[in-house]
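First up is the structure itself, then whatever we jot down about it.
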Amino acid sequence: MKLELNDSSLLKTKAFINGQWVEGDAGDRFPVLNPATGAVVAEIASVGQAETARAIAAADAAMQSWKALPAGQRSEVLERWHGLIIDNIDDLAAIMTIEQGKPVFESKGEVLYGASYLKWFAEEGKRIYGDILPSASDRRSIVIKQPVGVVAAITPWNFPNAMITRKAAPALAAGCAIVLKPAGETPLSALALAELADRAGLPAGLFNVLPSARSSSVGGEMTSNPTVKKLTFTGSTPVGKLLMKQCADTVKRTSMELGGNAPVIIFDDADLDLAVKGALISKYRNSGQTCICANRLLVQEGIYDAFVEKFAAAVKEFRLGFGFDADTTHGPVVSAKALGDIDTIVQSAIKQGANVVTGGKPSTLGNCFYEPTILTDVNDSMDIFSQEIFGPVAPVFKFSTEEQAIAMANDTEFGLAAYVFTENVGRIWRVSEGIEYGMVGVNETAISSEVIPFGGVKESGQGREGSKYGLDDYLETKYICMGGLQR
Ligand code: SIN
């Protein structure tokens, strides 16, 4: 299908460096595919190490005057960028759906979600306070906050817009400049954001977008270049660990938003309808491709059968299809490779004894469509208990006691998001405090927004994005000691 946009100049295929649209030095390009059809949507300029180094130098130069501006002036630019994103929501959503696959209603939701970070940090940037410390002597001790420096960002394909603004907005609000490598699958959303930033009057060099088919060249420069003071990454835990190691040589600060293995714990005393609704939203949002998607449904034995029955009835109502079709509720997964990985996990679970309630196989719609799946007769000795599925597959585990549920929830190296459904207030506190996760949803799974600190513990990462805490990751704390006051 051809991409119809109201403003075709939002479809950019070159890199954006120092305010200019440029080809890569080698002149090579890589294809962006529509996962629903396999068709090539666009051929994108691919940059490497040298272009990345130039972008970093441009960012460093640009941030010298940007950080000196009053926060209110930086805020005005972010507000204008926010406004332009809202004005162009239909085009941004169409670009997202064609390159990522999610249904248009979900793409629009993400564009609004992404824009909300710009609005939020336009405000928060005006509230970067320092401190005057009580003095132990005749000196005065002052604390000021300063931008950390040039920020390198590597973002994923599952949220091609919001994972960028969640990093760029606080970085820019704090007075930093940013060099961004978007996912190879979804560079078009990033490039459209750059076009709108430019129109909003963001000075050249502050927001650079480096599409590339040579991730390790770009990532290698980002992690080794001493001008980069911070790396922020959203993606898999193995890649995050590698980037952290690479950043160690120049002692860069890092923020890591990595993998998850989210449990949804449903107790016998839960409101069944609320739990089913919450599990559906959490498991199948973005066709199961979010780091905070339910990965394990842990259901207490007394409510187990009733839950599976209602849950399965609702899943059977899903309309798997092309993201641009109005009646589609769930789109494809991002690539044939992703689909293969999901199917490997499912087939291995089936071999180990899992029962398929619904789905359990690729759909005939196309190479990237997987049937929404529910598995029962699963247990914690199976691989599916510990693997991040990243697809529309819900294994439903059974537990007996609260202690067992907490132990099962914690039996993973991950600790991003977890969810608990119960009507017992004491249990809400015991479980919320007993599970090792950065975020806990109680009787709620739609937990993300710009006002909350998004992030994980254990091998799910470090740092927080969004909220009043989200600026800290882009600020250094400087102590100034003033003496000689008695002269
Ligand atoms: C993610 O999958 O990393 C982000 C999910 C969200 O922001 O809700």
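The values are calculated or read from the model by the stated rules, or taken from the named source; none is laboratory data. Keep in mind the model is a prediction, meaning the values are calculated, not measured. In this analysis, Cβ positions are derived from the backbone assuming ideal geometry, glycine residues included, and neighbour counts consider all displayed protein chains. Accessible surface is based on the protein model in full, side chains and every heavy atom, while ligands, DNA and RNA are left aside. Shrake-Rupley method; radii C 1.70, N 1.55, O 1.52, S 1.80 Å.
Points to keep in mind about this one:
- Sequence-distant residues sharing a close amide H with Thr254 (under 5 Å, placed H): Leu231
- Heavy-atom surface of the chain, accessible at 1.4 Å and reported per residue (Å²): 39 Å²
- Judged by the gyration tensor of its Cα atoms, with axes a ≥ b ≥ c, the stretch 43-90 is oblate; a/c meets the 1.5 cut and b/c is at least as large as a/b.
- Modelled FRET efficiency - R0 51 Å, Leu485 with Glu79, Cβ distances, 0.05 increments: 0.80
- Applying 1/(1 + (r/R0)^6) with R0 = 25 Å to the Cβ-Cβ distance of Phe105 and Thr364 gives a FRET efficiency near 0.55.
- Here the stretch 33-162 has 56 percent of its accessible surface on carbon and sulfur atoms, given a 1.4 Å probe and all protein chains in place.
- 15 Å cut-off, amide nitrogen to a point 7 angstrom out along Glu317 Cα→Cβ, residues in the stretch 259-277: 273-277
- Distant-in-sequence amide contacts of Ala294, defined by a placed amide H-H separation under 5 Å and a gap of 5 or more residues or a different chain, comprise Lys283.
- Each other residue within a Cβ distance under 15 Å of Lys478 adds +1 if Lys or Arg and -1 if Asp or Glu, for a net charge of +2.
- Length added when fully stretched, Asn355-Val251, from 0.36 nm per residue minus Cα-Cα: 32.6 nm
- Counting only protein heavy atoms and a probe of 1.4 Å, the accessible surface of the stretch 218-365 is 56% carbon and sulfur.
- Applying 1/(1 + (r/R0)^6) with r as the Cβ-Cβ distance of Ala326 and Asp7 and R0 = 30 angstrom yields a FRET efficiency of 0.85.
- Here is how the number arises for the chain: DSSP H runs of 4 or more residues each give -39500 (n - 2.57), the sum is divided by the residue count, and the result at 222 nm is -11500 deg cm²/dmol.
- Both radii were evaluated on the Cα set of the stretch 108-232; the Rg over Rh quotient, with Rh as the Kirkwood radius, amounts to 1.07.
- Nearby lysines by direct alpha-carbon distance to Lys126 (threshold 30 angstrom, same-chain neighbours under 8 apart not counted): Lys67, Lys108, Lys145, Lys167, Lys181, Lys229, Lys230, Lys252, Lys468, Lys478
- Principal axis extents of the Cα atoms in the stretch 278-422, from largest to smallest and rounded to whole angstrom, are 45, 28, 27.
- Were the residues from Val457 through Glu476 laid out at 0.36 nm apart, the gain over their Cα-Cα distance would be 4.6 nm.
- 3J(HN,Hα) along the stretch 449-465: 6, 5, 8, 9, x, 7, x, x, 10, 6, 8, 8, x, 8, x, 10, 10 Hz, from the Karplus curve 6.51 cos²θ - 1.76 cosθ + 1.60 with θ = phi - 60°, whole Hz, x for Gly and Pro.
- Above-threshold pairs, the threshold being 24 Å between Cα atoms, out of Lys277/Lys458; Lys283/Lys398; Lys2/Lys119: Lys277/Lys458; Lys2/Lys119
- Backbone geometry of the stretch 272-285 corresponds, through the Karplus equation with coefficients 6.51, -1.76 and 1.60 at θ = phi - 60°, to 3J(HN,Hα) couplings of 4, 5, 5, 5, 4, 4, x, 5, 4, 5, 5, 6, 9, 4 Hz, x marking Gly and Pro.
- Computed from backbone phi, the HN-Hα couplings of the stretch 180-186 come to 10, 10, x, 4, x, 6, 9 Hz, rounded to whole numbers (Karplus: 6.51 cos²θ - 1.76 cosθ + 1.60, θ = phi - 60°; Gly and Pro given as x).
- The stretch 290-370 - convex hull of the alpha-carbon atoms, volume per residue in Å³: 119 Å³
- If the segment from Val425 to Ala61 were pulled out straight at 0.36 nm per residue, it would be longer than the present Cα-Cα gap by 125.6 nm.
- On Cα atoms only, tilt of 425-434 relative to the major axis of the chain in degrees: 60 degrees
- Average projection area in nm² (convex hull over Cα atoms of the stretch 1-106, one quarter of hull surface): 8.3 nm²
- When the P(r) of the stretch 190-303 is calculated, the portion above 25 Å amounts to 49% of the C-alpha pairs.
- Put simply, the amide H of Lys398, placed in the peptide plane, has neighbours under 5 Å in Val299, leaving out anything fewer than 5 places away on its chain.
- Inverse mean reciprocal Cα-Cα distance (Kirkwood Rh) of the stretch 361-487, Å: 18.1 Å
- For the stretch 436-485, alpha-carbon Rg over 2.2 N^0.38 Å: 1.69
- Projecting label points 7 angstrom from Cα along Cα→Cβ for Asp28 and Glu444 puts them 4.8 nm apart.
- Semi-axes of the equivalent ellipsoid for the stretch 164-219, Cα gyration tensor, largest first, Å: 19, 13, 10
- Percent of Cα-Cα distances greater than 17 Å, calculated over the stretch 262-327: 43 percent
- DSSP bridge orientation in the stretch 283-399 - percent antiparallel, rounded to nearest 5: 35 percent
- In summary, the convex hull built on the alpha carbon positions of the chain has an orientation-averaged projected area of 24.5 nm².
- Spacing of the two label points (7 Å from each Cα toward its C-beta) at Ile281 and Asp341, in nm: 2.7 nm
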